[in-house]
Amino acid sequence: GEDVEQSLFLSVREGDSSVINCTYTDSSSTYLYWYKQEPGAGLQLLTYIFSNMDMKQDQRLTVLLNKKDKHLSLRIADTQTGDSAIYFCAESYAGRRALTFGSGTRLQVQP
Amino acid sequence: GAGVSQSPSNKVTEKGKDVELRCDPISGHTALYWYRQSLGQGLEFLIYFQGNSAPDKSGLPSDRFSAERTGGSVSTLTIQRTQQEDSAVYLCASSLANAGGNEQFFGPGTRLTVL
């Protein structure tokens, strides 16, 4: 079965870059996603990448995909206190539109 | 435009009671999903509706859980004879059926507490 894993916690200083990592096991993944969840709120889709891409950039966000190693990362440049949240990676694959989520990485930004 | 809405935002019930949770998807979105977020279990898929097709119920944890979607829009998730382990945040999401990226947009969730 599919499995998505993330580290639980990351602490950075304001202005630094944050890198949140994710590994997955399903080689047939078609799309991989990053969601953000602030306290008491639902999930906000940040960005996603198609599995035949290896990089996607969107303003301060950079997604890197290493399909050989089944490794996905999200880099947040110039991290701000407003970026403090839980970040979830997720995958979907052909034939299954439901998403499989990792356990989430709590990002704490120190002022 | 309006996003996905869910009601109630919070529900406290007693063990053994039935509960109904409601989801209003984004207008025009034909795909609707229910997920559950609980401590120790992370986010898990429950059920998926797509248009008039038979729903994918593969994530429902027991036969106490059921869901329906009337008129291809609003969905109700029903939990019968609630148990304490049903306590969680229930999240609904919707997407365009033909969205290449299968981008799913989530509602704020319903926090269910079973006493």
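Taking 20 °C and 1.002 mPa s as the conditions, I'd like the Stokes-Einstein D for chain B in µm²/s, using the Kirkwood hydrodynamic radius from alpha carbon pairs. Before the final figure, lay out each step's value.
Values: Rh = 14.1 Å.
Calculated translational D: 152 µm²/s.
Multiply the residue separation of B:SER9 and B:GLN83 by 0.36 nm, subtract the distance between their alpha-carbon atoms, and state the gained length in nm to one decimal. Each step should come with its number before you reach the end.
Values: separation 74, 0.36 × 74 = 26.64 nm, distance 1.91 nm.
Once the chain is fully extended between B:SER9 and B:GLN83, it gains 24.7 nm.
Work out the FRET efficiency for A:LYS68 and B:GLU44 from their Cβ-Cβ distance, taking R0 = 41 Å, and round it to the nearest 0.05. It would help to have the intermediate numbers written out before the result.
Numbers: r = 28 Å, r/R0 = 0.69.
Working from the Cβ atoms, E equals 0.90.
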Notebook entry, point to check: For the protein assembly as shown, what size does the Cα cloud have along each of its three principal axes, sorted from largest down, in whole Å?
Noted result: 49, 37, 37
Next item on the list: Report, in debye and to the nearest 20, how large the dipole of the protein assembly as shown comes out about its Cα centre when Lys and Arg carry +1 and Asp and Glu carry -1 on their Cβ.
Entry: 200 debye
Next item on the list: At 1.4 Å probe size, with no ligands or nucleic acids counted, give the accessible surface of A:ASP58 in Å², nearest ten.
Entry: 70 Å²
Margin query: Taking each residue in A:90-98, count the Cβ atoms of any other chain within 10 Å of its Cβ, then average. What number comes out?
Written below: 4
Item checked: Debye intensity ratio in log₁₀ form over the Cα atoms of chain A, taken at each q of 0.12, 0.15, 0.19 Å⁻¹ -> -0.38, -0.59, -0.93
Check: Can you run phi through the Karplus equation (6.51, -1.76, 1.60; θ = phi - 60°) for region B:45-52 and list ³J(HN,Hα) in whole Hz, with x for Gly and Pro?
Finding: 6, 10, 7, 9, 10, 9, x, 9
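For region B:64-111, what is the Kirkwood hydrodynamic radius in Å, using each pair of distinct C-alpha atoms? Numbers along the way, then the final one.
Details: mean 1/r = 0.0790 Å⁻¹.
About 12.7 Å for region B:64-111.
I need the calculated FRET efficiency for the pair A:ARG13 and A:ASP58, taking r as the beta carbon distance and R₀ as 25 Å, to the nearest 0.05. Please report the intermediate quantities before stating the final value.
Working: r = 23 Å, r/R0 = 0.92.
Efficiency for this residue pair is about 0.65.
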Checklist line | Buried on assembly, region A:1-45 (at least 50 Å² less accessible surface than by itself, 1.4 Å probe) | finding: A:LEU43
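For chain A, which whole-number percentage of the solvent-accessible area (1.4 Å probe, protein heavy atoms only) is attributable to carbon and sulfur atoms? Write out the running numbers ahead of the final one.
Working: 2530 of 5410 Å².
Exposed carbon and sulfur together represent 47 percent of the surface.
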Check: Can you list residues whose amide H is under 5 Å from B:ILE47's amide H, if they're 5+ apart or on another chain and H is modeled 1.01 Å from N?
Finding: B:TRP34
Margin query: Using the alpha carbons of region B:1-40, what is the convex hull volume per residue in cubic angstrom, as a whole number?
Written below: 110 Å³
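The values are calculated or read from the model by the stated rules, or taken from the named source; none is laboratory data. All values derive from a computational prediction rather than experimental measurement. Don't worry about glycine lacking a Cβ; one is built from the backbone with ideal geometry, like all the others, and counts go over all protein chains shown. Keep in mind that these areas ignore ligands, DNA and RNA; they rest on the heavy atoms of the full protein, side chains included. Shrake-Rupley method; radii C 1.70, N 1.55, O 1.52, S 1.80 Å.
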